[in-house]
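Reviewing the structure listed below.
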Amino acid sequence: MYMIENYYKKRKRFYDYVAGFIDGEASFTISVKKEPTTRFGYAIDPEFKVSQLKSKIKVLEFVKQAIGCGTITEKSGQENMAVLVVKNRKLIIEKVIPFFRKHKLIVKEEEFNRFAKVVFALENKTHQTEKGFIEILKLVFQGFSDENRKYKFEEIVTTMKRPSETIR
């Protein structure tokens, strides 16, 4: 009995460690990119990522083990850094979101909740209507100033393709 309890305590500490590390080091990013082939001319791409010095890559391996997915590669433009990335929406829904719903974040709780809302809105195809696309954009830009983004909210809304402009 002691062995099982001891294992559980260590395992719980491991997951708490990962959640705490993520709270300080990771990002739940939602980028908006020009994509002429999409319905409205822009794509909304959620991505979970965390970087670490290559000399401490073991931490990224711990995170990958804990959440059960991700790809670890060299961080572009920073040869001494590694990055764990999850871009696949299905994996984000099945692995990343459930992990952080179970192992709560403190500092990044709001950022994570907004990220999860956007991911599920995309999964539910809310972005396929003009109204839904704009609602998701509002979530993406909520809490962030436009200066941190390549495209401003108003610029996207005014330059996005409208259904009547879409060639079928």
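Structure above, values below:
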item	result
Rounded to the nearest 20 debye, dipole of segment 53-132 from Cβ charges on Lys, Arg, Asp, Glu	180
Potential lengthening between Thr71 and Ala43 on full extension [0.36 nm per residue; Cα-Cα distance subtracted]	7.9 nm
Degrees, to the nearest 10: 109-123 long Cα axis against longest axis of the chain	60
Charge dipole of segment 15-122 about the Cα centre (unit charges at C-beta), most positive-ward option of Ile97, Thr38, Ala66	Thr38
The chain: relative contact order in percent, alpha carbon pairs under 8 Å with at least 6 residues between	22
Footprinting exposure proxy for Ile67, Ile97 (fewest neighbouring C-beta atoms within 10 Å first)	Ile97, Ile67
Cα point-scatterer Debye curve for the chain, base-10 log of I(q)/I(0) at q = 0.15 Å⁻¹	-0.89
Computed magnitude of the charge dipole of segment 2-165 (debye, nearest 20; Cβ of K, R +1, Cβ of D, E -1)	540
FRET efficiency, Glu61 to Glu130 (Cβ-Cβ, R0 35 Å, nearest 0.05)	0.25
Thr29 versus Arg13: modelled label distance in nm, points set 7 Å from Cα along the beta carbon direction	3.4
Whole-Å distance, taken between Cα centres, linking segment 35-59 and segment 88-139	14
Geometric extent, Cα atoms of segment 77-155 - Rg, Dmax (angstrom)	14.6, 43
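Read-outs throughout are calculated quantities, based only on the coordinates presented, and are distinct from any laboratory measurement. All figures in this text were calculated on a predicted structure; none of them were measured in a lab. Methodologically, a virtual Cβ is constructed for each residue, glycine included, from the backbone with ideal geometry; neighbour enumeration extends over all protein chains shown.
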